[in-house]
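In what follows, a single structure is set out as structure tokens and then discussed.
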Amino acid sequence: MLDFYGIEWEYEPRTFTLETDREGRPVQAFTPDFYLPAYDLFIEITTMNQKLVTKKNRKARRLQELHPDVRVRVLYQRDYLHLLVKYGLEAPSQLVDVAGSGEPQRLELFPSRNETTPDPRAESA
């Protein structure tokens, strides 16, 4: 979809060290899936697997703590489905009503600076 709309992207262009051992060697890192240079935005895509969602949310929050100037957005399965519906590639019935409003939720692909969007189903860190 990014190619179709002429949006420049890079796949896993940077790894951020989140934690080091006593000798300064990385023991935990985060490599977001995509970087959109025109928007100065990193994107991480995740699935419905709660264990992975929680882990990726935790890493995205830690990245923001260590690098507040870095913009990162976690996209969930519902976000992906929303894009498919928005561009006519999937029926609206595929969207999940995670907020309980009875309406599909609006996707904010480009959040305000230094904002991450936590999944309401994810556990607290």
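The values are calculated or read from the model by the stated rules, or taken from the named source; none is laboratory data. It should be emphasised that the depicted structure is a prediction, and the values quoted were computed from it without experimental measurement. Every residue, glycine as well, gets a Cβ built from its backbone with ideal geometry; the counts of neighbours run over all protein chains shown.
Couple of notes before you dig in:
- Consider the stretch 16-34 and keep the residues that are among the polar types (S, T, N, Q) and farther than 18 Å from L52 by Cα. The one that is surrounded by the most Cβ atoms within 10 Å (Cβ to Cβ) is T17.
- Residues of the stretch 68-84 satisfying the condition of being closer than 12 Å to I45 by Cβ and assigned to a loop (DSSP other than H, G, I, E, B): Y76
- The stretch 73-91 residues that are closer than 18 Å to K56 by Cβ and surrounded by fewer than 18 Cβ atoms within 10 Å (Cβ to Cβ), paired with ones that are hydrophobic (A, V, I, L, M, F, W, C) and modelled with pLDDT under 80 (beta carbon under 6 Å, 6 or more apart): Q77/M48
- Within the stretch 1-19, the set of residues being of a type in the set (S, T, Y) and at pLDDT 95 or above comprises Y11, T15, T17.
- When A99, A60 are checked against the criterion of being at pLDDT 90 or above and out of contact with any helix residue (DSSP H, G or I) (no Cβ under 6 Å at 6 or more places or on another chain), A60 stands alone in meeting it.
- L52 being at pLDDT below 95, surrounded by 11 or more Cβ atoms within 10 Å (Cβ to Cβ) and out of contact with any strand residue (DSSP E or B) (no Cβ under 8 Å at 6 or more places or on another chain): yes
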